[in-house]
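Student: Structure provided below as structure tokens; questions to follow.
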Ligand code: HEC
Ligand code: HEC
């Protein structure tokens with residue numbers, strides 16, 4: 001989950017960065033229309049079943065319009081190797097395609113990301129284009145925000161405290177620690193194959209080792225292959241939400257939060 005959070009953080013940083021970064025991304029050359037058209041046709045046939053015909057993701061594959069790799073790609077330099085090798089263990093098959101076809105696919109994806117960035121840049125200037133009523137419905141419905149927050153409790157007066165752009169960053173990628181309070185830490189419970197379970201604040205985790213600080217303040221580390229590790233990340237719901245938002249629901253929620261005066 002930590003890794004997911006980090007990934008989401010950089011996604012947000014890229015897609016929702018300052019207007020300067022937007023300007024840089026927007027000013028990149030637009031790919032030729034005929035390449036975009038060829039790429040689109042191929043994409044729908046070969047990739048659409050997993051990534052969605054519009055590349056916005058589907059049950060079987062991630063949103064490529066928000067993919068950092070796609071955003072940084074230059075004519076297939078980054079996505080080419082992924083397409084040719086696939087990621088068989090993660091459900092992405094390999095496609096043995098010639099350079100020309102990879103470049104067409106890259107042109108189509110570039111066109112998609114540019115359209116999304118332009119839309120977002122526009123909406124950052126007009127961040128309150130969303131529908132507050134629809135945002136409220138999302139808050140109490142699909143977003144399940146009301147299971148952790150209340151418009152008259154912890155989020156009361158939010159719209160008065162922050163400018164819309166600040167508000168946008170805060171709800172998309174909260175760091176915790178409101179009003180000077182320390183952020184709620186990510187905690188972990190480790191149950192070794194032999195010996196008692198331990199829990200505490202997660203301080204380190206990679207593929208091999210997990211380290212936590214227990215209630216007495218002792219740092220304890222365990223090999224991951226000999227223990228069951230459960231991680232409780234208080235911001236996990238927010239990381240998950242980043243995958244769930246559509247442009248519309250995101251802006252509706254923002255309009256709703258901004259209305260909490
Ligand atoms: C059978 C489903 C499936 C098909 C078909 C498919 N993909 Fe994927 N693709 C995936 C999955 C699942 C992932 C995520 C893999 C991972 O988690 O590392 C992925 C990842 C990717 C990534 C990497 C995104 C990133 O940010 O890491 C790119 C680029 C990509 N696919 C492009 C394509 C293109 C282009 C096609 C068509 C030629 C295609 N895919 C066809 C399932 C699919
Ligand atoms: C499972 C619980 C959970 C859910 C669901 C959840 N959040 Fe949060 N949210 C948190 C936590 C934890 C924080 C970090 C602040 C804290 O430590 O209390 C936070 C922070 C925030 C903040 C920043 C508040 C501030 O004062 O800086 C906003 C705004 C927010 N969430 C909005 C939302 C919205 C909108 C949704 C639904 C689309 C949502 N949250 C869903 C747990 C949740």
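Each value in this text was obtained by applying a stated rule to the coordinates, not by laboratory testing. From a predicted model like this one, the values you see are computed outputs, not experimental measurements. Virtual Cβ from ideal backbone geometry, glycine too; neighbours counted across all protein chains shown.
Student: Taking 25 °C and 0.890 mPa s as the conditions, I'd like the Stokes-Einstein D for the stretch 47-165 in µm²/s, using the Kirkwood hydrodynamic radius from alpha carbon pairs. Before the final figure, lay out each step's value.
Tutor: On the way: Rh = 17.2 Å.
Estimated diffusion coefficient is 143 µm²/s.
Student: Give me 49, 194 ranked fewest to most by other Cβ atoms within 10 Å of their Cβ, as a rough exposure proxy. Write down the numbers at each step before the final one.
Tutor: Details: 49 13, 194 6.
Result, fewest neighbours first: 194, 49.
Student: Once fully extended, how much extra length lies between residue 142 and residue 207, figured as 0.36 nm per residue of separation less the alpha-carbon to alpha-carbon distance? Present the calculation step by step, with values, prior to reporting the outcome.
Tutor: Working: separation 65, 0.36 × 65 = 23.40 nm, distance 3.32 nm.
My answer for the length gained is 20.1 nm.
Student: Let me ask something else about it. How large is the direction-averaged shadow of the alpha-carbon convex hull of the stretch 187-232, in nm²? Write out the running numbers ahead of the final one.
Tutor: Values: hull surface 11.0 nm².
Over every viewing direction, the Cα hull of the stretch 187-232 projects on average to 2.7 nm².
Student: Multiply the residue gap between residue 194 and residue 154 by 0.36 nm, knock off their C-alpha separation, and tell me the result in nm, one decimal place.
Tutor: Answer, rounded to one decimal: 10.2 nm.
Student: Cut-off is 10 Å between beta-carbons; in what order do 72, 54 appear when sorted fewest neighbours first?
Tutor: Details: 72 13, 54 16.
Result, fewest neighbours first: 72, 54.
Student: Going by how many other beta carbons lie within 10 Å of each one, how would you line up 69, 92, fewest first? Spell out each step's value before the answer.
Tutor: Details: 69 11, 92 18.
Ordered from fewest to most neighbouring Cβ atoms within 10 Å, 69, 92 come out as 69, 92.
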